[in-house]
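The structure appears below as structure tokens.
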Amino acid sequence: MNKDSPLFLFLRISILVVTQVFLFSKISLFGFVTPMVYVIFFYVYPTHKNRSVLLTVSFLMGMTLDILLDSLAIHTLCLLSMAFLRPKIMRFIFGLNFELKSFRIQKTPIQQRYTFLFIIVLVHHFLYFSIEAFSISLIGLILKKVFLTSLATFVLSVLILSLFSPKKA
């Protein structure tokens, strides 16, 4: 199966949503740290696909998560924001190489890949917890949740990505 086909993309998204809803949303480290590994989607999404597809898929994925997790459109807002910010973050991390048609994230140095993944996770979680708290007076709690949840999400995301990445001989 071609990794860029719509069926493969739908399969990836479905697996991420199902594992988030039925596995990772049940984890609660220290009482408030719940990893959000569905953010991996922005890492594995093909670089030069149509941007409107990314926005549509982000919206549908967010709505599905909001319905299943009863989160009042927070996931949708965060995923749509990340879909808009993804090209800017990629340009910041990878430079102008990102705009080449031959660019693949998997062919970049591991430091850039992990930096890209960490920034995606950090920005997503900052948006998520800021919207969830919706108060500047809770900035200490927001930053604590962002840092700890981002750390847990990043570690689990790296483990998941290394588990499912093709092995080099």
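Please treat every number below as a calculation from the coordinates, not as lab data. Model, not experiment: these values are computed from the prediction. Using ideal geometry, Cβ is built from the backbone for each residue, glycine included, and neighbour counts are taken over all protein chains shown.
Computed from Cα atoms, the angle from the helix 6-22 axis to the main principal axis of the chain rounds to 20 degrees.
Site pair Ile119 and Phe164 shows an inter-label distance of 2.4 nm when each label is modelled 7 Å from Cα along Cα→Cβ.
For region 24-40, the residues whose backbone nitrogen is under 12 Å from a point 7 Å from the Cα of Val155, taken along Cα to Cβ, are 29-30, 35.
Divide, for region 6-164, the radius of gyration over alpha carbons by 2.2 N^0.38 Å, where N is the residue count. Working shown, then result.
Numbers: Rg = 15.2 Å, N = 159, 2.2 N^0.38 = 15.1 Å.
Expressed relative to 2.2 N^0.38 Å, the Cα Rg reads 1.01.
Summarising the label geometry, the points placed 7 Å from Cα in the beta-carbon direction at Ile15 and Phe92 lie 2.9 nm from one another. Axis angle, to the nearest 10 degrees, between helix 51-69 and the longest C-alpha principal axis of the chain: 30 degrees.
Would you compute, from DSSP H runs of 4+ residues alone, the mean residue ellipticity of the chain at 222 nm, taking -39500 (n - 2.57) per run and dividing by the full residue count, rounded to the nearest 500?
On the way: 6 runs with 112 residues, N = 169.
My calculation for the chain gives -22500 deg cm²/dmol from helical runs alone.
Mind checking the dipole of region 44-101: about its Cα centre, +1 per Lys or Arg Cβ, -1 per Asp or Glu Cβ, Debye to the nearest 20? Display every interim value, and only then the final one.
On the way: 6 positive and 3 negative charges, 77 e Å.
In total the dipole reaches around 380 debye.
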